[in-house]
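J.: Pasting in a structure now, in structure tokens, and then I'll have a few things to ask.
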Amino acid sequence: MFTGIIEAIGRVISVTPTGGGVVLRVDANGIADDARLGASVAVNGVCLTISRIDGAYLSFDVIRETLNRSTLGRLKAGDYVNLERSLTVGDRLDGHFVQGHIDGQARLTRRITTEAEFVLWFEADAELMPYIVPKGSIAVSGVSLTIAAVSGNEFSVALTPTTLGWTTLEKLHVPDPVNIETDILARTVVHALTNRPQPGGITLEKLNEHGFL
């Protein structure tokens, strides 16, 4: 479990093909100091297991399914990635609960940059949109963000200077893809209402009518 608060920007050292996927080797930029084999790290939002530690370098075995489902299959040496270690008991929850299980990908459609704001618009698959609601939470490449607006199959997020400085999101350009993990609470509510509607009770249609979805 993660929070979407990025701890470091890592640099990909190598991507080595294997029989079932690749070995991803990353310069972990300080978070390797207390790393241990078998521990979980979110790499651009994808929960991976540390398979080797070599000083500041961490290696991860990434299977084919993960490569196909996420943007990790596009990584090459020299690319930068968002890194976050898993939560421990007693940690502050400054973002929101993030599982590291990617729902899909979205692509950047617009960058709006002015002196007052930095806003990114993304287009997501239609099946993800019921879980993407204004003022709700979303993880974009592992970064916990608040959804600013939704229009059709697009949604926007506004980034603060701190987020820009501590993540890779400022480096995005149209039409770069990003990993998307929708909010677990939104997914649970929508799933429950869609699959187990109660006669006379709250339904997905009623929540839509009142603007909750």
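The values are calculated or read from the model by the stated rules, or taken from the named source; none is laboratory data. As the structure is a computational prediction, the values presented were derived from the model and not from experiment. Cβ placement follows ideal geometry from the backbone for every residue including glycine, while neighbour counts extend to all protein chains displayed.
J.: I need the full set of residues from the range 105-132 which are of a type outside the set (Asp, Glu), out of contact with any Ser or Thr (no Cβ under 9 Å at 6 or more places or on another chain) and surrounded by fewer than 21 Cβ atoms within 10 Å (Cβ to Cβ), in order please.
T.: Those that are of a type outside the set (Asp, Glu), out of contact with any Ser or Thr (no Cβ under 9 Å at 6 or more places or on another chain) and surrounded by fewer than 21 Cβ atoms within 10 Å (Cβ to Cβ): 107, 108, 109, 111, 113, 114, 116, 126, 129.
J.: Then there's this: Which one of 95, 152, 142 is among the small types (Gly, Ala, Ser), surrounded by 12 or more Cβ atoms within 10 Å (Cβ to Cβ) and at positive phi?
T.: Details: 95 fails: at positive phi; 152 fails: surrounded by 12 or more Cβ atoms within 10 Å (Cβ to Cβ).
So the residue among 95, 152, 142 that is among the small types (Gly, Ala, Ser), surrounded by 12 or more Cβ atoms within 10 Å (Cβ to Cβ) and at positive phi is 142.
J.: Checking residue 108 against (1) touching a His at 6+ places or on another chain (Cβ under 8 Å); (2) among the hydrophobic types (A, V, I, L, M, F, W, C); (3) not assigned by TED's automatic domain parsing to the domain that holds residue 173, which test does it fail?
T.: Condition not satisfied by residue 108: (3).
J.: Sticking with this structure for a sec: What are the pairs, 6+ residues apart or on separate chains, where a residue within the range 103-115 that is over 15 Å from residue 169 (Cα atoms) has its Cβ under 8 Å from a residue that is surrounded by fewer than 15 Cβ atoms within 10 Å (Cβ to Cβ)?
T.: Within 8 Å, the pairs are 104/125; 104/127.
Here's the yes/no breakdown for (1) touching a residue at least 60 places away in the same chain (Cβ under 8 Å); (2) farther than 29 Å from residue 125 by Cβ; (3) in contact with a His (Cβ under 8 Å, 6 or more places away or on another chain); (4) surrounded by fewer than 17 Cβ atoms within 10 Å (Cβ to Cβ):
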| residue | (1), (2), (3), (4) |
| --- | --- |
| 16 | no, yes, no, yes |
| 21 | no, no, no, no |
| 30 | no, yes, no, yes |
| 41 | no, no, no, no |
| 47 | no, no, yes, no |
| 51 | no, yes, no, yes |
| 58 | no, yes, no, no |
| 71 | yes, no, no, no |
| 81 | yes, no, no, no |
